[in-house]
Amino acid sequence: MPAPAERVRRVLAATAVVVTGTLAVGMAVAAPATTDAAPTLGQLAAAKGRYFGSATDNPTLNNAPYTAVLGSEFNQITVGNTQKWQYTEPSRGQFDYRQADQIVAFAQAHNQVVRGHTLVWHNQLADWVAGVPAGELLGVMRNHITNVAGHFKGQVVHWDVVNEAFEEDGTRRQSVFQQKIGDSYIAEAFKAARAADPGAKLYYNDYNIEGIGAKSDAVYNMVKSFKQQGIPIDGVGLQAHLILGQVPSTVQQNIQRFADLGVDVALTELDIRMRTPRDAAKDAQQAADYRTVVNACLAVTRCVGITVWDFSDGYSWIPSVFPGEGAALIYDENFAKKPSYWAVYEALGGTPTTTTTTGDNGTGCTATYRVTSQWNGGFQGEVTIRNNSSTALSGWTVKWTFGAGQKVTNLWNGKLTTSGQDVSVRNESYNGSVGAGGSTSFGFLGSWTGTNPVPTVACATA
Ligand code: G3I
């Protein structure tokens, strides 16, 4: 098996890749190959020298609509469960890689790099580990790392070597490793991982360390001390299991301070949960939150990539752990792209999908044009007309000129007139009257080839 960089180089050479990039730290990332002219999140991220990936789990590999998205949209995959200890060493000295191998093979078949997750964690640990005598646990831990990281040598670009070793107040979590080996277990784990797979970047990974606080301070101090001592650590994973409207204000500053220690940073398990059901206001807030997080990563050169913790709301861990919450991801249960998807898409440099213009005659109507979904050759759009004046409107007309040969193929809640690239939509009899401060909308289906840029729209009253 070639080293990861060589494997990716071969993949790039053999595939019609639309966009590629190379990280400053030397990890080439491939953009997924596609026949769809609209760039994927993976392609957009690759153009910025980063990856945009998703976690996945074995049961979903048999779900064709799911794998169609997983295999095309992302250029990185994290093994969501089956590289954990309970799966890989269920009995002492008995290793089983069958399930994890399936996910790694899927990733390789789709030109996606793999983050390995995770070698040492107090959770999803095989039951037998709790009974290992204190004097033997260091050897058991080293043996586990040697075998697992050795098996996947050359196939993972990052390993989450140690996961969630700190409490919220910055003290060490009293895991079996902490209790029986002591503080040194984390450094020992990194040393064993480096020996087993010298080509993989080695990460410490945790949650609630996205912003500056007691817990992230503790991780910061550990990384600083590891760097001073020459303990082989290459990166810090900020899991980023976030809450709607509560993205920490210090995310970018925090990413930067880790980078300044000489390590990479990755957002490893991003999701932004809300009270369900979704509504338009929550979706808009979630889109803004995703945009903030992606922008924070892009602002720091050493922030090398972002992974969502699965991509569809139908396959998220949230509802089972936080009853009444969910809808945390970028696709809905039916694999339709959510506003959060488009926020990520735009933050990564994709063509904006929405625009708002003021009225052309000073009477105060505004029109907002939005691409609500897009697929190869087609798209659905929506235009919202808002009356910003203090008096009611009795009628409206919205006009735009398509810039890339798009066509409206079907339109509802408005009367369509077209002339070449010019489109004019007048109200129907039933939706021309819009009260002060009120709004109405019409929808349409369109076709496109090449690109689908958002046009400038103009709104006129009467
Ligand atoms: O495999 C069994 C299946 O046989 C059984 O029928 C079923 C019944 O509940 O359980 C299945 O195991 C579940 C496993 O996921 C695989 O689906 C466990 O109950 C369930 O607890 C486990 O949850 C995982 C969780 O880690 C455990 O803490 C989630 O899928 C996984 O997404 C989640 O991931 C963690 C990261 O590793 C670390 N950071 C936090 C993140 C979210 O909790």
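Per-residue 3J(HN,Hα) values for the stretch 440-446, derived from phi via the Karplus relation 6.51 cos²θ - 1.76 cosθ + 1.60 with θ = phi - 60°, read 9, 8, 10, x, 7, 10, x Hz in sequence order (x marks Gly and Pro). The modelled label-to-label distance for the pair GLN86/THR250, using points 7 Å beyond Cα in the direction of Cβ, is 3.4 nm.
Extension gain ALA64-VAL321, at 0.36 nm per residue separation less the Cα-Cα distance, in nm? Before the final figure, lay out the partial values.
Values: separation 257, 0.36 × 257 = 92.52 nm, distance 2.63 nm.
Going from the current span to full extension adds 89.9 nm.
Taken along the Cα-to-beta-carbon direction at a fixed 7 Å, the label points for GLU333 and ASN413 span 2.4 nm. Under 5 Å between amide hydrogens, built in the peptide plane, is the criterion, and for GLY213 it picks out nothing among residues at least 5 positions away or on other chains.
Give me the number: length gained by fully extending GLN228 to ALA130, i.e. 0.36 nm times residue separation minus the C-alpha to C-alpha distance, one decimal in nm. All intermediate terms of the calculation are to be shown ahead of the outcome.
Working: separation 98, 0.36 × 98 = 35.28 nm, distance 3.23 nm.
Roughly 32.0 nm would be gained on extension.
Between SER184 and GLN380, the distance separating the two model label sites (each 7 Å from Cα on the Cα→Cβ line) works out to 6.1 nm.
Counting only whole DSSP H helices of the chain, the ones at least 20 Å long by C-alpha along their axis and with mean Kyte-Doolittle hydropathy no lower than -0.5 are 134-151, 280-298. Each 10 Å bin from zero up to the one holding the largest Cα-Cα distance in the chain carries the following percent of pairs: 4, 19, 27, 23, 13, 8, 4, 1, 0.
Please report the antiparallel percentage of DSSP beta bridges with both residues in the chain, rounded to the nearest 5. Walk me through the intermediate numbers first.
On the way: 51 of 87 bridges.
Here the antiparallel bridges make up roughly 60 percent for the chain.
Accessible area per residue was computed with a 1.4 Å probe on protein heavy atoms; SER216 scores about 0 Å². Here is the list for the stretch 62-167: GluC sites (Glu not before Pro) lying in DSSP coil, each with at most 15 other C-beta atoms within 10 angstrom of its C-beta, are GLU167. Computed 3J(HN,Hα) for the stretch 79-87, one whole-Hz value per residue from the Karplus formula 6.51 cos²θ - 1.76 cosθ + 1.60 where θ = phi - 60°, is 6, x, 9, 7, 9, 6, 4, 5, 8, glycine and proline marked x. Taking a straight line from the alpha carbon of LYS415, these lysines sit under 27 Å away, with near neighbours fewer than eight places off in the same chain left out: LYS399, LYS407.
Protein heavy-atom surface of the stretch 179-230, 1.4 angstrom probe: 43% of the accessible area is carbon and sulfur, with nucleic acids and ligands not counted.
Excluding ligands, DNA and RNA, what is the solvent-accessible area per residue of the chain at a probe of 1.4 Å, expressed in Å²?
Details: 17720 Å² over 462 residues.
Accessible area per residue, the chain: 38 Å².
The values are calculated or read from the model by the stated rules, or taken from the named source; none is laboratory data. The model shown is predicted, which means the values in this text are computed figures rather than measured ones. Heads up, the Cβs are rebuilt from the backbone with ideal geometry, glycines too, and the neighbour counts pull from every protein chain shown. For accessibility, only protein heavy atoms count, side chains too; no ligands or nucleic acids. Shrake-Rupley method; radii C 1.70, N 1.55, O 1.52, S 1.80 Å.
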